[in-house]
Every structure is written in C-alpha cells, then in structure tokens.
1. Looking only at the range 108-123, count every residue that is in contact (Cβ under 8 Å) with a residue 24 or more places away in the chain and within 18 Å of Ala53 (Cβ to Cβ) and tell me the total.
2. Taking the range 140-156 as the search range and keeping residues that are of a type in the set (Gly, Ala, Ser) and within 20 Å of Val123 (Cα to Cα), which one is farthest from the chain's Cα centre (by Cα)?
3. Scan the range 168-175 and give yes if some residue there is touching a residue at least 60 places away in the same chain (Cβ under 8 Å), outside any helix (DSSP H, G or I), within 22 Å of Arg9 (Cβ to Cβ) and open to solvent by less than 10 Å² (accessible area, probe 1.4 Å), otherwise no.
4. What strands (runs of 3 or more DSSP E), lying completely within the range 52-167, carry at least 2 residues that are touching a helix residue (DSSP H, G or I) at 6+ places or on another chain (Cβ under 6 Å) and open to solvent by less than 10 Å² (accessible area, probe 1.4 Å)?
Amino acid sequence: MYYRADLFRCRDLLAEVGLSLHPALSISQQEPTNASSHRSRQRLLFLCTGNSARSQIAEAFVAHRCAGTIKARSAGSYPKPLHSHAVRVMAEHGIDISRNVTKPLSRFVRSRFDRVITLCDKVREVCPEFPGSPTSAHWSVPDPAANHGSDKNTYTSFQQVANEIEGRVTLLLADLHISSTRN
C-alpha cells in the first residue's frame, strides 16, 4: 500500500496559517519553473516499463519548463510504441511529443546522470546502477494504460497521471534549483 502527501495542499494550508498569524508571514505562492540559474547542466533519466507514457510525459514537462537548461531523457525496460493518449494529453498542455520515439533502458546504462527517477514499480525492481552513483527517486505513478474501462475512462486516467507528473516535476525542479544555489 502506498500513501502520498499532497504537498501543494500542504503549501496552501501553511500559507493560510501564516496569514492568520500575521500578514507578514504569508508564504509566496510562486513556484520556480525555470532552471536557468543552474550552474551546471543537470542530467535526468525517467524510467518506466514501456516508455510509452509516464516517462515520456515527465521528460517532456522538464524539457518544456527548462528550455534546455536541464537535459532530461526517458527510457523503458520493455519499450512499447508511444501511446496516443499520452500524445493527446501533452498536446492539451501545449507540449508536442508526437515525434518522440521510445527507447530501451539498455541505451543509457553507461551514461552518467545526476538523477534517475523510476515511475513504476516494475522498472524499479530491474533498474541497474548507473555510473557516478546518481541520486535516485521512485515516484510509483500508476500506469494509465492499465485502465481497461471505456476509452473515455482510460483517457481520464492519462489526464490524471499527466497532472500528477506535472506536480512532481514542479517539485523536482524546485529541488534542483535549491540544490544548485547551495553549491
């Protein structure tokens, strides 16, 4: 069983508490989305089983938000074709991934990354060690393609997963920004 903390809701509640104590204690609602202040170009790898949706979505959000200041890649342990719902959901976010190709995890096993993020439990179990001992994280995002209901329900699952990944990417970029200013 997995539990998740809604960190954005926690932020909002903390902001309310600060304001109720004293107006000068309000917490800024601004989220860092641009990583242009990074001193060195961070390299991220997002992994899921098929590289057909979740990892592609995460890679695309990072690339879109950072305009090349962070190098994001994605791969899968058993790549499948890019899922049409992933393409459609990202288009709704203003990001075109229609020309993306899926890539096998084996393509990157000798590459250096600063962070390796697994998005599904299956790939976490088979994730190799990467050179340079990158920081690793596991997000355990449900597979939207596993929804075997109607096409509308499946598409809704893709929208929910994209929104969850977008929130996690926002937090990741904030963490990278904070880490880079400490160095």
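1. Kept after step one, since they are in contact (Cβ under 8 Å) with a residue 24 or more places away in the chain, are these residues of the range 108-123: 108, 111-120, 122-123.
Going one step further and asking which of them are within 18 Å of Ala53 (Cβ to Cβ), we end up with 117-120, 122-123.
Going through the range 108-123 one residue at a time, the tally reaches 6.
2. So the first thing to find is which residues in the range 140-156 are of a type in the set (Gly, Ala, Ser), and the list is 140, 145-146, 149-150.
Applying the additional criterion that residues be within 20 Å of Val123 (Cα to Cα) yields 140, 145-146.
On the way: Ser140: 11, Ala145: 17, Ala146: 19 Å.
Per the stated criteria, the residue is Ala146.
3. Within the range 168-175, not a single residue is touching a residue at least 60 places away in the same chain (Cβ under 8 Å), outside any helix (DSSP H, G or I), within 22 Å of Arg9 (Cβ to Cβ) and open to solvent by less than 10 Å² (accessible area, probe 1.4 Å).
4. Numbers: elements: 70-76, 115-118, 135-138.
In the range 52-167, the matching strands (runs of 3 or more DSSP E) lie at 70-76.
The values are calculated or read from the model by the stated rules, or taken from the named source; none is laboratory data. All values reported here derive from a predicted model rather than from experimental measurement. Heads up, the Cβs are rebuilt from the backbone with ideal geometry, glycines too, and the neighbour counts pull from every protein chain shown. Ligands, DNA and RNA are stripped out before the accessible areas are found, and what is left, the full protein with its side chains, is counted by its heavy atoms. Shrake-Rupley method; radii C 1.70, N 1.55, O 1.52, S 1.80 Å.
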